[in-house]
Amino acid sequence: MTTIVNATGAVRTSLVSIIKRQMIDTIIESNVEPSNFDDVLSALRKANFGEPAIAALATEVAQAAQEEIGAGQAQ
């Protein structure tokens, strides 16, 4: 039983990571300012991410996109 729970958790974590990566890429490619939450939500909706996924991950992916933009500017 423990193995199934752990395996399921690993799969879920992997899928969440993929979705986050797609959302971050969408924000960056849309030239959206990650600190403007309304624009982040709009860009993700236009990219047809489901509302539950957007609600659960939008804050986190906006912050990650901001960090990537900052890292790119620092280079």
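Each value in this text was obtained by applying a stated rule to the coordinates, not by laboratory testing. Note that the structure is predicted; figures quoted are calculated from it, not measured. So basically every Cβ, Gly included, is an ideal-geometry build from the backbone, and we count neighbours across all protein chains shown.
Annotation note: trypsin sites (Lys or Arg not before Pro) in the stretch 13-68 located in DSSP loop regions with a Cβ neighbour count of at most 15 within 10 Å are absent.
Full extension from residue 35 to residue 48: what is 0.36 nm times the residue separation minus their Cα-Cα distance, to one decimal in nm? Kindly include the intermediate steps, with their values, before the conclusion.
Values: separation 13, 0.36 × 13 = 4.68 nm, distance 2.05 nm.
Between residue 35 and residue 48, full extension yields an extra 2.6 nm.
Exposure proxy for 44, 15: other Cβ atoms within 10 Å of each Cβ, ordered fewest to most, give 15, 44.
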